[in-house]
Amino acid sequence: MQHRNVRGRINYTSVKPEWQGRERGREWFNFSHHADGSVVMSAQCEIEEPDPTVLRNVTYHIGPGMVPHNLLVHLTVGDEFLGSGWMRHDAAAGTLSCESYGPAIGRNSELREDVGAFDGFGTHPIAGDGFLTRIMDVSKGPHKRRLRVFLPSPDHRGATPPQLAEVFITLEYVGEAEKSVAAGTFACRHFRFVDDSGEGMGGKTHPDYDMWVTADADSVFVYGAIDGYMMNRYELVELTR
């Protein structure tokens with residue numbers, strides 16, 4: 001086989017008083033790196049808190065140069081099927097399409113023409129958040145960049161049937177920092193997502209989201225913290241590469 005795999009697990013915890021330090025969810029991820037520079041990310045995410053529970057399965061194909069190609073997502077909420085969908089970006093034609101189905105929305109078909117360049121699909125797995133930081137030119141030093149992304153759900157947990165949602169969010173490169181977690185000690189880059197759009201992501205402002213990501217081409221998510229109404233923590237506990 002010519003591809004190279006990067007695999008791991010991320011634990012979701014909370015600093016809410018009633019959930020202090022307890023595992024509230026988990027995520028298994030795999031990145032298949034191919035010789036032409038394309039990458040396929042797959043992930044399974046389980047969220048136990050807050051209720052209702054969310055189970056998400058995702059496959060995301062990223063072309064050379066971080067060009068998003070297609071995204072497949074399947075969602076179960078409260079142990080009931082919520083929806084599944086496929087998003088495809090045709091960069092040559094300048095189109096973005098979505099085919100999805102869910103009991104609440106029925107069969108959904110969308111096509112956007114002249115969509116122009118955008119920075120990626122927002123997939124909702126935590127590992128995908130870390131990998132998206134590859135688009136930042138860290139040689140510029142600490143700086144901010146306004147991102148244009150398309151999500152299958154603007155909900156902060158991604159718990160709505162898949163439909164195209166355009167979101168603008170700021171990604172800040174804060175600097176270099178070493179981070180120790182259960183999976184080991186890593187040289188990292190510190191990034192921060194800031195929802196500074198007037199309407200907020202999904203109609204509600206997402207709290208600032210700090211991430212520490214390996215300072216290499218793999219951009220593996222190591223640790224994350226979101227305060228505000230969420231008060232979530234994310235930690236890499238297993239890594240194989």
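The values are calculated or read from the model by the stated rules, or taken from the named source; none is laboratory data. All of these numbers come straight from a predicted model, not from anything done at the bench. Every residue, glycine as well, gets a Cβ built from its backbone with ideal geometry; the counts of neighbours run over all protein chains shown. Surface accessibility is based on the protein's heavy atoms, side chains included, excluding ligands, DNA and RNA. Shrake-Rupley method; radii C 1.70, N 1.55, O 1.52, S 1.80 Å.
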Review point. Which residue out of 156, 190 is buried (at least 16 other Cβ atoms within 10 Å of the Cβ), closer than 27 Å to residue 236 by Cα, touching a Phe, Trp or Tyr at 6+ places or on another chain (Cβ under 8 Å) and not basic (Lys, Arg)?
Key: 190
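Answer yes or no: is there a residue in the range 57-65 that is hydrophobic (A, V, I, L, M, F, W, C) and open to solvent by less than 10 Å² (accessible area, probe 1.4 Å). Talk me through it step by step, then tell me what you get.
Taking the range 57-65 first, the residues hydrophobic (A, V, I, L, M, F, W, C) are 58, 62.
This time we only want the ones that are open to solvent by less than 10 Å² (accessible area, probe 1.4 Å), so: 58, 62.
Yes, the range 57-65 contains at least one residue that is hydrophobic (A, V, I, L, M, F, W, C) and open to solvent by less than 10 Å² (accessible area, probe 1.4 Å).
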Revision key, fill the gap. Within the range 86-133, residues being at positive phi, assigned to a strand (DSSP E or B) and over 17 Å from the mean Cα position of the chain (by Cα) number 1
Point to revise | Members of the range 20-33 found to be modelled with pLDDT under 95 and either assigned to a strand (DSSP E or B) or crowded, with 17+ Cβ neighbours inside 10 Å (or both), listed by number | key: 20, 23, 24
Study note, to complete from the structure: Listed by first then second residue, the pairs whose first member lies in the range 33-57 and is within 19 Å of residue 157 (Cα to Cα), whose partner is open to solvent by 60 Å² or more (accessible area, probe 1.4 Å) and aromatic (Phe, Trp, Tyr), with beta carbons under 8 Å and at least 6 positions apart or on separate chains, are 43/28; 44/28
Review point. Over 23 Å from residue 27 (Cα atoms) and among the basic types (Lys, Arg) - does that describe any residue in the range 49-64?
Key: no
Check your understanding: Among the residues of the range 231-241, is any open to solvent by 50 Å² or more (accessible area, probe 1.4 Å), touching an Asp or Glu at 6+ places or on another chain (Cβ under 9 Å) and part of a loop (DSSP other than H, G, I, E, B)?
Key -> yes
**Study point:** Any hit, the range 213-223, residues being closer than 30 Å to residue 84 by Cβ and either polar (S, T, N, Q) or surrounded by fewer than 20 Cβ atoms within 10 Å (Cβ to Cβ) (or both)
**Key:** yes
Revision key, fill the gap. The residue from 160, 185, 133 that alone is in contact with an Asp or Glu (Cβ under 9 Å, 6 or more places away or on another chain), more than 19 Å from residue 116 (Cβ to Cβ) and of a type in the set (Ser, Thr, Tyr) is 185
Exercise for review: Go through 83, 37 for me and flag whichever is on the phi > 0 side of the Ramachandran plot, part of a strand (DSSP E or B) and open to solvent by less than 50 Å² (accessible area, probe 1.4 Å).
Suggested key: 83
